[in-house]
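Worksheet for the structure shown next.
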Amino acid sequence: GAGTMGRGIAQTALAAGFPVILQDVAEHACEQAREAIEAGLARLVDKGRLTAASHSRAIAHLQTTTQLEQAITIDGAVIEAAPESLALKTELFTELGRQARPTTLLASNTSSISLTRLARAAGDAAPRVVGLHFFNPVPLMRLVEIIRAEQTDDATVKRVEALARDLGKDPVAVADTPGFAVNRLLVPMINEAIFLYQEQGASAADIDQA
């Protein structure tokens, strides 16, 4: 996926020195993502966080495609960042299970969908399915949640933890539980804000300000 999260993950990987194939179903989404990534990398150069030479290498290492087959028949890792639809992600992981190489890490950026269900769709590749949940904006937010499906093996967990650190992120391990960790903590806080407003404890504007 070449949306907000997909392009953010791609930019982060490029800045860390990885070659990236970014896939989306729409050509215009790929074009917009390339423009956004190039602009984001240029800002890193302006801030002194990336050298001009590294910027050039990163741009050269970015490929975009509308063909899923081109993006998933690679060594390394596939990071799925499609919209939060169980049907769509299930379809994708079914294809990943069929077409990805037997050594390829199969990660999902889902923020809420069960990794165990996605791993089940991947068939024999289920032990290599894992959650790798980034936060927006991906280039700036250091936290990532690593979610272990019931089928995920130890080697996959170790590989994805190493990948997260290579991307400059701080991984936290979470079980495949509803909301994982961050959203599970966030939703009750949002509910409390609504309760506070309902009780006329503060105005909506003041609650937002607080």
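Miscellaneous remarks
- The condition (being farther than 30 Å from Val45 by Cα, surrounded by fewer than 19 Cβ atoms within 10 Å (Cβ to Cβ) and in contact with a strand residue (DSSP E or B) (Cβ under 8 Å, 6 or more places away or on another chain)) is satisfied by just one residue among Thr94, Thr104, Thr90, Thr73: Thr104.
- Within region 145-168, if we keep just the residues that are of a type in the set (Gly, Ala, Ser) and closer than 15 Å to Gly131 by Cβ, the residue that is surrounded by the most Cβ atoms within 10 Å (Cβ to Cβ) turns out to be Ala149.
- Lone qualifier among Glu31, Glu80, Glu38 - being among the acidic types (Asp, Glu) and open to solvent by less than 50 Å² (accessible area, probe 1.4 Å): Glu80
- Pairing residues of region 11-34 that are within 12 Å of Gly1 (Cβ to Cβ) and touching a residue at least 24 places away in the same chain (Cβ under 8 Å) with residues that are open to solvent by 70 Å² or more (accessible area, probe 1.4 Å) and in a strand (DSSP E or B), at Cβ distances under 9 Å and at least 6 apart in sequence or on separate chains, gives Leu22/Gln63.
- Verdict on Leu22 being in a helix (DSSP H, G or I) and either modelled with pLDDT of 95 or more or hydrophobic (A, V, I, L, M, F, W, C) (or both): no
- Scan of region 174-202 for residues that are open to solvent by 50 Å² or more (accessible area, probe 1.4 Å) and either among the hydroxyl-bearing types (Ser, Thr, Tyr) or closer than 22 Å to Ile146 by Cα (or both), ordered by number: Ala175, Pro178, Arg184, Leu185, Leu186, Val187, Pro188, Tyr197
The values are calculated or read from the model by the stated rules, or taken from the named source; none is laboratory data. In this text the structure is predicted, and so the values were computed from the model without any measurement. Neighbour counts run over all protein chains shown; Cβ positions are idealised from the backbone, glycine included. Ligands, DNA and RNA are excluded from the accessible area calculation, which covers all protein heavy atoms including side chains. Shrake-Rupley method; radii C 1.70, N 1.55, O 1.52, S 1.80 Å.
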